[in-house]
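Shown next, in structure tokens, is the structure this report addresses.
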Amino acid sequence: MKKEELNKYIVLKKRVKKLQSDIVELECGDVIADKVKGSDKEHPYIIRNFTIQTKVPEVAERNKKYIVKKNQEVEELKSRIRCIEKFIDGIEDIHIKNIFEYRFLKGMTCAEVGKELGYSHGRISQIVANYLMTGNR
């Protein structure tokens with residue numbers, strides 16, 4: 001696993017959340033609503049306001065294509081996220097695992113991780129670099 005891919009973890013998670021929000025919006029976006037006036041069916045014929053909704057077939061078909069594309073992207077991103085999580089879960093040394101979790105899964109800086117765990121930020125960078133270079137996976 002490369003550091004560049006680990007650094008993308010938080011961005012990937014945010015992108016998945018955004019895509020899922022877009023999908024929900026698209027699923028609801030093919031309905032139009034309007035207000036109409038009508039009366040009761042029986043006497044006294046009181047005029048009432050009604051809201052009607054209907055699907056627009058052209059919009060529904062277009063949105064369906066976008067939803068499929070966005071779902072495919074979500075699955076690809078989730079796969080990359082799972083790879084990063086699996087890599088970090090596979091680290092046996094608990095100290096190194098903590099560093100990787102804080103640094104990449106929680107998005108903390110080396111200085112923040114160092115402060116949390118009692119190391120200098122330089123030492124945190126060194127531990128990460130050494131682990132990635134030596135292939136201790």
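In this entry, Lys69 passes the filter for residues that are assigned to a helix (DSSP H, G or I), over 30 Å from Leu132 (Cα atoms) and at pLDDT 95 or above. If you go through segment 91-111 and keep only what is within 15 Å of Asn7 (Cβ to Cβ), in a helix (DSSP H, G or I) and not basic (Lys, Arg), you end up with Ile99, Phe100, Glu101, Tyr102, Phe104, Leu105, Cys110. In segment 101-128, the residues that are within 25 Å of Lys14 (Cβ to Cβ) and touching a residue at least 12 places away in the same chain (Cβ under 8 Å) form Cβ pairs under 9 Å with partners that are surrounded by 18 or more Cβ atoms within 10 Å (Cβ to Cβ) and basic (Lys, Arg), at six or more places apart or across chains, as follows: Thr109/Arg103; Cys110/Arg103; Val113/Arg103; Ile124/Arg103; Val128/Arg103.
Remark: pairs (first residue in segment 14-38, surrounded by 11 or more Cβ atoms within 10 Å (Cβ to Cβ); second residue in a helix (DSSP H, G or I) and of a type in the set (Lys, Arg); Cβ separation under 8 Å; 6+ apart in sequence or on different chains) = Val16/Lys78; Leu19/Lys70; Asp22/Lys70; Ile23/Lys70; Leu26/Lys70.
Being under 24 Å from Lys2 (Cβ atoms), touching a Gly at 6+ places or on another chain (Cβ under 6 Å) and either loosely packed, with under 15 Cβ neighbours inside 10 Å or modelled with pLDDT of 95 or more (or both), is that true of even one residue in segment 123-133?
yes
If the condition is being surrounded by 14 or more Cβ atoms within 10 Å (Cβ to Cβ) and either touching a Phe, Trp or Tyr at 6+ places or on another chain (Cβ under 7 Å) or free of Cβ contacts under 8 Å to residues at least 12 places away in the same chain (or both), then segment 83-100 contributes Ile84, Ile88, Ile91, Ile96, Lys97.
The values are calculated or read from the model by the stated rules, or taken from the named source; none is laboratory data. In this text the structure is predicted, and so the values were computed from the model without any measurement. Heads up, the Cβs are rebuilt from the backbone with ideal geometry, glycines too, and the neighbour counts pull from every protein chain shown.
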